[in-house]
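To start, the structure itself, in structure tokens.
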Amino acid sequence: MAVEEATPLEGLKAELRKESRRAHLNFADLKSGGYIKQTQKDLFTVRLRCPGGRVTTEQMRVASEIAERYGRGTVHLTVRQSIEVPYVHHADFPAVQEMLKGVDWSIATCGPRVRVPTACAGCEYNPNGLGDTQGLCREVDRRFFGTPTGHHKFKISFSGCPIDCFRTREMDLGFQAMVGPRLDEAACNGCTLCVQACEDKALVMQAKLPVRDDSKCNNCGDCIKVCPIDAMLPRQRGWLVRVGGRHGKHPLFAYEVARYVSDEQVFVLIERALAWYRENAEGRERLGAAIQRLGLNRFIDEAIRPTGVEVIDNEADRRPYWTGGNFYDRAAA
Ligand code: SF4
Ligand code: SF4
Ligand code: SF4
């Protein structure tokens, strides 16, 4: 039977692939670089770095071109805001990287490292937004992306308000924007609009003035937005900090450990929490598991309190809860 000879082009491609295999195929390195091995031989899913899910239209075009040239014409949008291109042969990684470089883009990371942070639109154009989630997310990505943890993955997320679209309760470190209202009694005309706007029933009228129950307030700022004469004003703004959350096979809801944290303090907290995690976790423990084993108070005293942020010291307030839900009712505690 006649053996079909490879065309010169096919021969060249085969040589290039062998060369590439020799030069690039270290699987641990590939994983740290965001190349995820597929079930199919020699094929990988390439995860792109999209902090806060924000990419330019030019980058979108390049992702689409990479998928057409080196994948199978589809991209996959992950739950953590990344764009992935499946079915890429490892021989094509150098070409993919070149294309990404052309639009100032790069590949994400996997393994025991700080992952690409996620964020909602925040106050940039979302009417509910109370903080600059996108700005902080970009800066956190710039400073911490890919930092080795020595144990397991480390996920950070930003939500612009208590609706918490970016599930800060399920992150190793989650930051949710918050605002504390204050009443200008002299200005208030007793119209009750703020009381009606407060879904958490944290405001009641007393002597023709709205009085706030801090234990019920979730710091959403709706009462401030609805007041027609600016008698309800922001007293304090910042980030509510959650630690030790995760999803997966053994999900954990994060603990609330600090509030009204400033943008600059966010970076300090990440540094301290990472250092504590590196030093205290065992094996492939996630941060939440290490905290459970060693105690939340120890984590707070060693990693959070020294930063000078406002620590949540009331233990009932630190516990995960859903107000009015059936998971844990803070009001019943
Ligand atoms: S968390 Fe709040 S600010 Fe962010 S997208 Fe959801 S509703 Fe908007
Ligand atoms: S900030 Fe939100 S929860 Fe708190 S009193 Fe105002 S409307 Fe109610
Ligand atoms: S909405 Fe403003 S003016 Fe009306 S009761 Fe509330 S604080 Fe006073």
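The values are calculated or read from the model by the stated rules, or taken from the named source; none is laboratory data. What you see is a predicted model, and the numbers here were worked out from it, not measured in a lab. Virtual Cβ from ideal backbone geometry, glycine too; neighbours counted across all protein chains shown.
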Test: E84 is in the same structural domain as G52 (by TED's automatic domain parsing), in contact (Cβ under 8 Å) with a residue 24 or more places away in the chain and of a type in the set (D, E, K, R): yes
Lone qualifier among T168, T192 - being near ligand 3 (Cβ under 10 Å from one of its atoms) and of a type in the set (S, T, Y): T192
Which listed residue is among the charged types (D, E, K, R), within 26 Å of the chain's Cα centre (by Cα) and over 20 Å from V309 (Cα atoms), from D141, D172: D141
Filter result (among the charged types (D, E, K, R) and either within 13 Å of ligand 1 (Cβ to nearest atom) or at positive phi (or both)) within the range 155-198: D164, R167, R169
Scan of the range 114-125 for residues that are over 19 Å from V261 (Cα atoms) and within 16 Å of ligand 2 (Cβ to nearest atom), ordered by number: none
Residue count for the range 232-259, restricted to those that are crowded, with 21+ Cβ neighbours inside 10 Å and within 16 Å of ligand 3 (Cβ to nearest atom): 1
Subset of the range 199-212 (residues that are away from ligand 1 (no atom under 16 Å from the Cβ) and closer than 26 Å to S262 by Cβ): A202, R212
Test: residue in the range 195-205 that is outside the structural domain of G160 (by TED's automatic domain parsing), over 30 Å from the mean Cα position of the chain (by Cα) and more than 10 Å from ligand 3 (Cβ to nearest atom): yes
Out of R167, R142, R138, R182, sole residue that is within 15 Å of ligand 2 (Cβ to nearest atom) and charged (D, E, K, R): R182
Test: residue in the range 201-210 that is within 15 Å of G238 (Cβ to Cβ) and without any contact (Cβ under 8 Å) to a residue 40 or more places away in the chain: no
Residues within the range 39-81 that are among the polar types (S, T, N, Q), without any contact (Cβ under 8 Å) to a residue 40 or more places away in the chain and over 23 Å from C137 (Cα atoms), tallied: 3
Residues satisfying the stated conditions in the range 229-264, i.e. in a strand (DSSP E or B), within 20 Å of V79 (Cβ to Cβ) and among the aliphatic types (A, V, I, L, M): L252
Residue satisfying condition, being buried (at least 22 other Cβ atoms within 10 Å of the Cβ) and over 14 Å from W239 (Cα atoms), within set C194, C110, C137, C165: C194
Residue count, the range 285-307 (criterion: outside any helix (DSSP H, G or I) and without any contact (Cβ under 8 Å) to a residue 12 or more places away in the chain): 1
